[in-house]
């Protein structure tokens, strides 16, 4: 007998469907915010800073992007930038620093990292800086986006409860 369940017993098929619905969700996250404790965070206008995320099981996969070629507010100050997260990082997460993407300011490009801490609802942004023969990880600041031409493109994932 041919069944629409692909040969799986209907009771198990329904349970698999329910499990799959609970384990996966996807959404835009229009409330992503770039902030700092002081200074002037940059704004992005073409397109505005936007994001979306997918939650698969206990992992959130997040995309954040913004571009600016005219207008907007350039960043100013030495304060570290952070972005908001759609769901808190898992309470038992070991945390750490993860390579997340790239940024550009007036044609100068850099690698962007995020610091994810247990229970956090924001992620401080970091960058790689070269000093002599050393590569250091330092804060990505408001002033690092001080030109009208600026871009931020991030893709990263983190554990949730």
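The values are calculated or read from the model by the stated rules, or taken from the named source; none is laboratory data. Remember, it's a predicted structure, so these values are computed and weren't measured experimentally. So basically every Cβ, Gly included, is an ideal-geometry build from the backbone, and we count neighbours across all protein chains shown.
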Q | Residue list for region 36-45, restricted to those being in a loop (DSSP other than H, G, I, E, B) and over 18 Å from residue 101 (Cβ atoms) | A | 36, 37, 38, 39, 43
Q.
Being buried (at least 18 other Cβ atoms within 10 Å of the Cβ) and under 28 Å from residue 91 (Cβ atoms) is the filter here; which residues of region 128-151 pass it?
A. 139, 140
Q) Got a sec? Which strands (runs of 3 or more DSSP E) wholly within region 68-161 have at least 3 residues that are within 15 Å of the chain's Cα centre (by Cα) and free of Cβ contacts under 8 Å to residues at least 40 places away in the same chain? A) 108-116
Q | Subset of region 23-77 [modelled with pLDDT of 85 or more, exposed (fewer than 14 other Cβ atoms within 10 Å of the Cβ) and closer than 16 Å to residue 153 by Cβ] | A | 69
